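J.: I'd like to ask some things about the structure below.
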Amino acid sequence: MNSVLGRLIGGLLLALNSGLASAAYQLNFQPPVTRIASEIYDLHMLMMYVILAVFCVVFGVMFYSIYAHRKSVGHKAEQFHENTTVEIIWTVIPFVILIGMAWPATKTLIAFKDTSNPDITIKATGYQWKWGYDYLKGEGEGVAFLSNLATPQDQIHNQKPKGENYLLEVDNPLVVPVGKKIRVLTTANDVIHSFWVPAFGIKQDAIPGFVRDTWFRADKEGTYRGQCAELCGKDHGFMPIVVEVVSPEKYAQWVGDQKNKATAAAEDPNKQWSAAELKARGEKVYAANCVACHQISGKGLPPAFPPLDGSAIATGDKKKHIDIVLNGKTGTAMAPYGKQLSDTDIAAVVTYERNAWGNKTGDMVQPAEVKAVRK
Amino acid sequence: MSAVIDNHGHDEHAYHPSGLMRWVTTTNHKDIGTLYLWFSLTMLFVGGVLALTLRAELFQPGIQIVNPEFFNQLTTMHGLIMVFGAIMPAFVGFANWQIPMMIGAPDMAFARMNNWSFWLLPVAASLLVISFFVPGGAPAAGWTLYVPLSIQMGPGMDLGIFALHIMGASSIMGSINIVTTILNMRAPGMTLMKMPMFVWTWLITAYLLIAVMPVLAGAITMVLADRHFGTSFFNAAGGGDPVMFQHIFWFFGHPEVYIMILPAFGIISQVIPAFARKPLFGYASMVYATSSIAILSFIVWAHHMFTVGLPTAGLLFFMYATMLIAVPTGVKVFNWLATMWKGSMTFETPMLFAVGFIFVFTMGGFTGLMLAIMPVDVQVQDTYYVVAHFHYVLVAGSLFAIFAGTYFWIPKWTGRMYDETLGKWHFWLSMIFFNITFFPMHFLGLAGMPRRIPDYASQFTEFNMIATVGAFGFGLSQLLFLYIVLKCGVFGKGEKAPARPWEGADTLEWTHLPSPAPYHSFHEQPEVK
């Protein structure tokens, strides 16, 4: 028995050792970059020391007793029981230790909840399965964009080697200036999500129909990665949060770029697009918004996520097709995209879906038609 | 102390249906206890297979074995089956076998209701299993069934809700039965403060169950109404609030956690004194500590919701109240240690599991204290840290206590001694593989891996691999347990058990009944001094 145990322990140590060889994994919190996060880090360490001390005392006593008070070494059982003094002592001591823990925890908690006087206010909206950011107040007001997972599907399905930031990369990261108090309002479009950036020490549930808030002030420039922390359906594991903390100058420049982009993107709603243009744009929109459920092949994942390839809607009446993309379908996982996508994007993706895979309707949808269905 | 037991049965009890009908129509507490225990062991293996599928998928990054949707179904069903199918029925099984024997009663108070409350369970379990095969699959919103995600689910969710309703009804009936039995059928002279600790913990647990199972029923009924009848209990657009579901759910859910651990405390409080050959150190303070834990369990529910955005005053209240639980829990652990202290200990399998329980359960208690600290909880909420925490208290806590109890009482139940060598193997394999599985999860959670995800970033790979290897080792080790209990329970092999195989065991079932306990025991109640 002993030799087997020895081998088991040896194997475990080896496994741990090989783990130590690769530098990527960690045993503790990510390095904190906000005051709150470092207070949380310290609280955790303080608690760890207290717990370790208690652990050593309690199990020191237990294992000594196991060693010394065995029948096999001839120890005779004493029959004592009930001792009020001892019982009071072991009730009071933990109580005092708890007060010692509660004090710093209370201070951090109060600071954590103080969202007053922010420099910039950003609304983070959880969608199934991406984040949307609206800069509501402060520098950058008016900037708004969606942030999708940027890891390609073939990495997830093991057809290509995984990148450095596998599953923790997005197309449009949240950008904030260093040293400024950022208030994040969270809400959701469909189900509950949770906005979590470990390095900032914040996690705030995003609740549909309600607005909650949290805040952070990042002290160090850099890129910080988090994930949705509340089970939100099929692709819960695939909606990361990436925050880039930049210098104020870079931030100002980024805001300028975003505004320019927005102007450039404000297309003429009456422009007539060619079929090829629509299909090319539609493919991109599809890849960002639809592929998770309906799949790159258009075959979907029935029964929850029906195929588009050969579907009655994608090959039938155009209006119905536009309508389901705009307004979703209640009672199913099909979300309304009317608020997230522009008329042009919806026209493009509908055109793409009607002419991709086995679907060969040959027709196309212009932004003006989408606009008409919106009304 | 008369109460001589007639081993040959009484005339009025001579009619025993045999074969299947014996089990379907039985009103005997021992038969029903056996049914509960086999049911829960079956569910343990079903839930275990689901868990191993999860761990296999999580062995390395990328999607290999199951797709994300099915993965969520597996996490949800693993939770529901283990909580409602494995752990809770196992403790009810112990209650059925042990409470009448330990208080000197001939049977449970409501024998027919007892039959009914068991036979509801297979029905509920079938509904859960069937839900995998309906369009949209099994519920995939997590065992907590948070809205609005649970509103989105297909018909599998309705089956899940009905299953929970049925199991809730079963639990309430079982609890009423247990309370009535304990309060009315104790042997003359057995005052409340002379009851064995296991009976005490079950009395308190039964009250908790009666208090909170209707709350769960209410919550899921509202989900059902929101899903099908156009109500808006939890829909903001109709004036409802999704967070209200969480408040109601956890008002049930936190006492539920103690429902799964208090009977475990009871078992451990029987086993430790028996093998230390020394009375329980602070019997009265154990009773008070258990009661305090039960009462506190009603005012701490929102510590499961520290990230939903509660007001500061609320957070402080729930943080302090949660931290307070450490005091009575500490009292229990210190009491067990003081019972061991200067005893004359031997380490047969029940004692090994009991000591193992104290060791790992206390680690779960430490992480629980960490989670009580709201600012730290914010970092680890919904991560693998929480997964590690509740498996430390539920697997190493409740399940190890169930193992301890099974090895402790199986001589009384079957009249056969279990295989001591294999029992020890079972303990050491379980203990080692349990820690290989769940200890690394603390690191994963601290480093930032969310729970309930089918795929993860590359930096989490090593610990996930270790956890998966541990999980398969842990799962396979339980086959040993199956073999051990089959051997004495079904095949009747093994050394014949004496009436009192454990030197230090002094409750009525050991001192007054032969092994195996006769089908009808304590026809005349013993006198307790």
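J.: Within segment B:470-493, can one find any residue that is in a helix (DSSP H, G or I), facing chain A (nearest Cβ under 10 Å) and hydrophobic (A, V, I, L, M, F, W, C)?
T.: No, there is no match, as no residue in segment B:470-493 is in a helix (DSSP H, G or I), facing chain A (nearest Cβ under 10 Å) and hydrophobic (A, V, I, L, M, F, W, C).
J.: Something else about it: List the number of the failed condition for A:TRP131; all other conditions in (1) more than 9 Å from chain B (Cβ to nearest Cβ); (2) crowded, with 18+ Cβ neighbours inside 10 Å; (3) part of a helix (DSSP H, G or I) hold.
T.: The single condition A:TRP131 does not satisfy is (3).
J.: Now, a different point. Across segment B:284-305, what is the number of residues that are under 16 Å from B:VAL378 (Cβ atoms) and either under 21 Å from the mean Cα position of the chain (by Cα) or more than 10 Å from chain A (Cβ to nearest Cβ) (or both)?
T.: 3
J.: Can I ask one more? Go through (1) closer than 15 Å to A:PHE200 by Cβ; (2) assigned to a helix (DSSP H, G or I) and name the single condition A:VAL242 misses.
T.: (2)
J.: Could you check segment A:50-71 and list, in sequence order, the residues that are within 13 Å of B:ALA276 (Cα to Cα) and either touching a residue at least 24 places away in the same chain (Cβ under 8 Å) or at the interface with another protein chain (Cβ under 7 Å from one of its Cβ atoms) (or both)?
T.: Hits for segment A:50-71 are A:MET62, A:SER65, A:ILE66, A:HIS69, A:ARG70, A:LYS71.
J.: Among residues belonging to segment B:454-486 that are under 20 Å from B:GLN379 (Cα atoms) and free of Cβ contacts under 8 Å to residues at least 40 places away in the same chain, point out the one that is surrounded by the fewest Cβ atoms within 10 Å (Cβ to Cβ).
T.: Looking at residues that are under 20 Å from B:GLN379 (Cα atoms) and free of Cβ contacts under 8 Å to residues at least 40 places away in the same chain, I get B:GLN459.
J.: Further question on the same structure: Out of A:LEU43, A:LEU13, A:LEU52, report the one residue that is hydrophobic (A, V, I, L, M, F, W, C), assigned to a helix (DSSP H, G or I) and at pLDDT below 60. Talk me through it step by step, then tell me what you get.
T.: On the way: A:LEU43 fails: at pLDDT below 60; A:LEU52 fails: at pLDDT below 60.
Every option except A:LEU13 fails the conditions.
J.: Turning to a different aspect of this structure: Give me a count of the residues in segment A:330-375 that are loosely packed, with under 15 Cβ neighbours inside 10 Å and closer than 20 Å to A:GLY132 by Cα.
T.: Total meeting the criteria: 1.
J.: Within segment B:110-215, which helices (runs of 4 or more DSSP H) (wholly inside it) include 2 or more residues that are among the aliphatic types (A, V, I, L, M) and under 28 Å from B:VAL271 (Cα atoms)?
T.: Because the criterion is at least 2 residues that are among the aliphatic types (A, V, I, L, M) and under 28 Å from B:VAL271 (Cα atoms), the helices (runs of 4 or more DSSP H) in segment B:110-215 that meet it are B:155-184.
J.: Filter segment B:1-35 for residues that are of a type in the set (Ser, Thr, Tyr) and either surrounded by 13 or more Cβ atoms within 10 Å (Cβ to Cβ) or at pLDDT 80 or above (or both) and give the result.
T.: B:THR25, B:THR26, B:THR27, B:THR34
J.: Here is a further query. Checking B:PHE281 against (1) touching a residue at least 40 places away in the same chain (Cβ under 8 Å); (2) more than 7 Å from every other protein chain (Cβ to nearest Cβ): exactly one of these is not met. Which one?
T.: It is condition (2) that B:PHE281 fails.
J.: Hey, another quick one. Report yes if B:LYS424 is in contact (Cβ under 8 Å) with a residue 12 or more places away in the chain, part of a helix (DSSP H, G or I) and touching a Pro at 6+ places or on another chain (Cβ under 9 Å), otherwise no.
T.: Answer is no for this residue.
J.: What number of residues in segment B:306-325 are surrounded by 17 or more Cβ atoms within 10 Å (Cβ to Cβ) and facing another protein chain (nearest Cβ under 7 Å)?
T.: 8
J.: Now for a different question. Return yes or no: is B:PRO516 within 27 Å of the chain's Cα centre (by Cα), closer than 26 Å to A:LYS162 by Cα, outside any helix (DSSP H, G or I) and not aliphatic (A, V, I, L, M)?
T.: Criteria not met by B:PRO516.
J.: For segment A:191-211, give me each residue that is at the interface with chain B (Cβ under 7 Å from one of its Cβ atoms) and part of a loop (DSSP other than H, G, I, E, B).
T.: A:VAL191, A:ILE192, A:GLY201, A:ILE207, A:GLY209, A:PHE210 - these are the residues of segment A:191-211 that are at the interface with chain B (Cβ under 7 Å from one of its Cβ atoms) and part of a loop (DSSP other than H, G, I, E, B).
For every residue, the table says whether it meets (1) within 34 Å of the chain's Cα centre (by Cα); (2) polar (S, T, N, Q); (3) assigned to a loop (DSSP other than H, G, I, E, B).
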| site | (1), (2), (3) |
| --- | --- |
| A:PRO336 | yes, no, yes |
| A:LYS339 | yes, no, yes |
| A:THR344 | yes, yes, no |
| A:ARG354 | yes, no, no |
| A:GLY358 | no, no, yes |
| A:GLY362 | no, no, yes |
| A:VAL365 | no, no, yes |
| A:ALA368 | no, no, no |
| A:ALA372 | no, no, no |
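J.: How do the pairs read when you match residues in segment A:213-224 that are within 19 Å of A:LYS113 (Cα to Cα) and of a type outside the set (Lys, Arg) with residues anywhere that are exposed (fewer than 14 other Cβ atoms within 10 Å of the Cβ) and modelled with pLDDT under 95, using Cβ under 6 Å and keeping only pairs 6 or more apart or on different chains?
T.: Pairs that qualify, where the first residue is within 19 Å of A:LYS113 (Cα to Cα) and of a type outside the set (Lys, Arg) and the partner is exposed (fewer than 14 other Cβ atoms within 10 Å of the Cβ) and modelled with pLDDT under 95: there are none.
J.: Kindly evaluate A:HIS75 against the criterion of being in contact with a His (Cβ under 6 Å, 6 or more places away or on another chain), facing chain B (nearest Cβ under 8 Å), at pLDDT below 95 and not in a helix (DSSP H, G or I). Walk me through how you get there before you give the answer.
T.: On the way: in contact with a His (Cβ under 6 Å, 6 or more places away or on another chain): yes; facing chain B (nearest Cβ under 8 Å): yes; at pLDDT below 95: yes; not in a helix (DSSP H, G or I): yes.
So A:HIS75 passes the test.
J.: Still on this structure: Determine which single condition A:ALA206 fails, assuming it passes every other condition in (1) of a type outside the set (Phe, Trp, Tyr); (2) touching a residue at least 40 places away in the same chain (Cβ under 8 Å); (3) in contact with a Pro (Cβ under 9 Å, 6 or more places away or on another chain).
T.: All conditions pass for A:ALA206, except number (3).
J.: Tell me whether segment A:142-161 contains one or more residues that are assigned to a loop (DSSP other than H, G, I, E, B), facing chain B (nearest Cβ under 7 Å) and at pLDDT below 95. Even if it seems obvious, please write down each step before you answer.
T.: Residues of segment A:142-161 that are assigned to a loop (DSSP other than H, G, I, E, B), as a first pass: A:142-143, A:148, A:150-152, A:157-161.
Subset that is facing chain B (nearest Cβ under 7 Å): A:157-158.
Subsequent filtering for residues that are at pLDDT below 95 retains A:157-158.
Yes, segment A:142-161 contains at least one residue that is assigned to a loop (DSSP other than H, G, I, E, B), facing chain B (nearest Cβ under 7 Å) and at pLDDT below 95.
The values are calculated or read from the model by the stated rules, or taken from the named source; none is laboratory data. Because the structure is a prediction, the values reported are computed rather than measured. Glycine also receives a Cβ, built like all others from the backbone with ideal geometry; neighbour counts cover every protein chain displayed.
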